[in-house]
Amino acid sequence: MPHFLIQFAQQHEEFRLPELEALATIEDVQMTYDPNDYSLESPFLIVEIESAEKAALLLKRAILIKTITELWGKADSWDGLIAKVQEHPERWPQYLDVSFKFSVVTFGGTIEHKDKAPLINRFAFTGFMGKIDLKTPEEEFLLIADYGIDPDVTVAHTFYMGRLVGHGKRELIDKFNVKKRKYIGNTTMDAELSLIMANQALCGPGKLVYDPFVGTGSFLMTCAHFGAMTVGSDIDGRQIRGKGKASIQSNCEQYDLKGRVLDALVFDVCHSPWRKIKGGMFDAIVTDPPYGVRAGAKTLGRKDPAKQATEPRMAVDEGVLAHLLPDYVPPTKPYEMSEVVADLLMFAVKNLVRGGRLVYWLPTVTEDYTIDDLPTHPCMELVANCEQAFGQWSRRLITMEKVADWDGEMGLGAPTGDMNTSKTGPNQVGHFGFRDRYFAFSAVENAKRKKELKEAYQRGGPQAVAAYMKELEARKKEATTAV
Amino acid sequence: MRLITHNMLQCHVKGCNANNFPLELQEVVLEQEEAELNEDFLRNMLGKIEYEALVATCLKLDINDLPAAMPADAAYNDEFLQILHRVILETHIKSGKMVCPNCQHIYAIRDGIPNMLLAEHEV
Ligand SMILES: [Zn+2]
């Protein structure tokens, strides 16, 4: 089978293989690769796919793939590469007369502009006679030099040559950029991750996708973009209605997705009005539950069960039943994270179709939480567990697939296997070097910072953590300048 | 709210477990809005829709386009899919009430958004 070189984006590294696998599943592309070949520290992966046409299918909605190239040679020097490419002259004739260009691509290093033309000229042996077209060539050939991620290395270690199959859809990140979105909230998920989640959920035409903590509706948009019909709910109706002209509705209009975003409803998913059907209603559930203490999840009821009304109450002045007034808002109580996750999983067991996916975020490495609390269910199989690290904190994107019908009785079980380890790559602790950069202090300082960090997280989630880290860096800079 | 969503909802007040579907639409304001036809989605939903309830609900709203029984060839009956599309995906309820036939709970629809929250004594 022909070999193809995938160049991934060098970020969200843990999400890259799961996304690739999801894309292959969505497009029904048979693909093989050696997992030992893959490293989170390199953007390159060689895969075998039956044809370039099939390989191109993987690009249709890829967020973390930059390019796929039909591989014509790989070596540890330019000389070696030329020898490799020359082993297969049968590949060249079909491109003899098409317009083309050669591009030099580097990772982790640079090749000076003046050196590029001579380098390209060394590949003149292919004998291409078509017009050189730098803007819209029919074919583009790539010369790739990989220097690796070590900034001290100044010599490339691996060289590739091949014919470009195409680019991924990274421009969608800009299309769904939250900074350009009319309606967002404090916890709106960034565009890139929202799009990746839609891929993990195998969203596509004909599917019905549900977000039970819809907030400002990010996932309704990205899942609908890939063709799914989407529906969401939230206990907080203000989030759905928005303010003035900014609402979920206005976002649908902005992205021209009004026809695919079915509805957003106000209710508590713990008391869900969805009609239960055998075989499940939803093809996927994609959500980011509101965790955290202050801005955390809420469920209907009162903290003190003794105060919970069991009969309708009279409104104070109106002489009518309180709950019938148009402005009635039922009391809510905090919804513990472990309960949120357990309920979400059980909801998925009951309401997903077989083969349907649950894709959700889970914060980890907090002092209040251990991954052992993560519930499992025999009907649900873990597909991927990708960590997005924030140093001391991280959150994990969990992808599960419903693999068996629910018998109507089976509840949640104890965790099986090690959910804390990514299935697809080595777990990189402190990937961003957070600890080294920010916690090279005394134990007292360390504890103080940890506490502040925790408070920041509880106050505003990952965004607040990012802001806190920025502030810390500024403070550190100031201290250094003062010295 | 679209009629397809209405067909997916039932009353969920504590203890209200029978005769709680379909919710009866009252005082509704309807609006038609064109949407792109998505046959794959309609086919997906054929087995999930409660068709009889849908037809009954439509008749009360003076929407008489749907055949009384779902055609046997529904999945590939272009004419039927077109009608179904218009009814369940292009018909929106802008405002009104949904009343549970069993416990009489009223779920209000405002600005096209249904409020399915339960009252304190209903959870
Ligand atoms: Zn009822």
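Place +1 on the Cβ of every Lys and Arg and -1 on the Cβ of every Asp and Glu in chain A, take the dipole about the Cα centre, and give the residue among A:V359, A:L142, A:A24 whose Cα lies farthest towards its positive end.
Farthest towards the positive end: A:V359.
List the residues, sorted by chain then number, that are 5 or more residues from A:G166 or on another chain and whose placed amide H is less than 5 Å from its amide H.
Under 5 Å from the amide H of A:G166: A:I68.
With a 1.4 Å probe and all protein chains left in place, how much accessible area per residue does segment B:3-122 have, in Å²?
Each residue of segment B:3-122 exposes 46 Å² on average to a 1.4 Å probe.
Report, by chain and number, residues whose modeled amide H sits under 5 Å from the one on A:G356, excluding near sequence neighbours (fewer than 5 apart, same chain).
Result for A:G356 returns A:K402.
How many angstrom lie between the Cα centre of segment A:1-57 and the Cα centre of segment A:135-169?
For segment A:1-57 versus segment A:135-169, the Cα centre distance is 16 Å.
List the relative contact order of chain B as a percent without decimals, with contacts defined as Cα pairs under 8 Å and 6+ residues apart.
Relative contact order of chain B: 39 percent.
As a test of the formula, what do you get for the protein assembly as shown when each DSSP H run with n ≥ 4 contributes -39,500 (n - 2.57) and the sum is divided by the residue count, at 222 nm and rounded to the nearest 500 deg cm²/dmol?
On the way: 16 runs with 164 residues, N = 606.
The helix-only estimate for the protein assembly as shown comes to -8000 deg cm²/dmol at 222 nm.
What whole-number value in Å² describes the accessible area per residue of chain A for a 1.4 Å probe?
47
Would you mind checking which residues have amide H under 5 Å from B:R2's amide H? H placed 1.01 Å from N; only 5 or more apart, or other chain.
Here the answer is B:I93, since their amide H atoms fall under 5 Å of that of B:R2.
In sequence order, what are the phi-derived ³J(HN,Hα) couplings for segment B:24-31 according to the Karplus relation 6.51 cos²θ - 1.76 cosθ + 1.60 with θ = phi - 60°, rounded to whole Hz, with x for glycine and proline?
Going residue by residue, I get 7, 7, 10, 6, 8, 10, 9, 8 Hz, with x marking Gly and Pro.
Using alpha-carbon pairs under 8 Å, 6+ residues apart, how would you state the relative contact order of chain A in percent?
About 11 percent, as a whole number.
Past 31 Å, Cα to Cα: identify those pairs from A:K54/A:K207; A:K207/A:K298; A:K182/A:K402; A:K175/A:K207; A:K74/A:K131, in the order given.
Those over the limit are A:K182/A:K402.
How big is the gap, in Å, between the Cα center of segment A:199-265 and the Cα center of segment A:101-119?
Using only Cα atoms to place each centre, the spacing works out to 44 Å.
Kirkwood Rh over alpha-carbon pairs of the protein assembly as shown, then Stokes-Einstein at 10 °C and 1.306 mPa s: what D in µm² s⁻¹, rounded to an integer?
Answer, rounded: 59 µm²/s.
Which angle from 0 to 90°, rounded to the nearest 10, does the C-alpha axis of helix B:51-60 make with the longest principal axis of chain B?
80
Do any cysteines in chain A lack another Cys Cβ under 4.7 Å, and if so which?
A:C252, A:C270, A:C379, A:C386
Can you tell me, using C-alpha contacts under 8 Å and at least 6 residues apart, the relative contact order of segment A:176-223 as a whole percent?
43
Suppose every Lys and Arg Cβ carries +1 and every Asp and Glu Cβ carries -1, with no other charges. What dipole size does chain A come out with about its Cα centre, to the nearest 20 debye?
Value, rounded to 20: 1640 debye.
Please report how far the C-alpha centroid of segment B:8-23 lies from that of segment A:387-406, rounded to the nearest whole angstrom.
Comparing the Cα centres of segment B:8-23 and segment A:387-406, I get a distance of 33 Å.
The values are calculated or read from the model by the stated rules, or taken from the named source; none is laboratory data. Everything numeric in this text was worked out from a predicted model, so none of it was measured. No Cβ is skipped: glycine too gets one built from the backbone with ideal geometry, and neighbour counts run over all protein chains shown. Please note that ligands, DNA and RNA were not included when accessible areas were found on the heavy atoms of the full protein model with its side chains. Shrake-Rupley method; radii C 1.70, N 1.55, O 1.52, S 1.80 Å.
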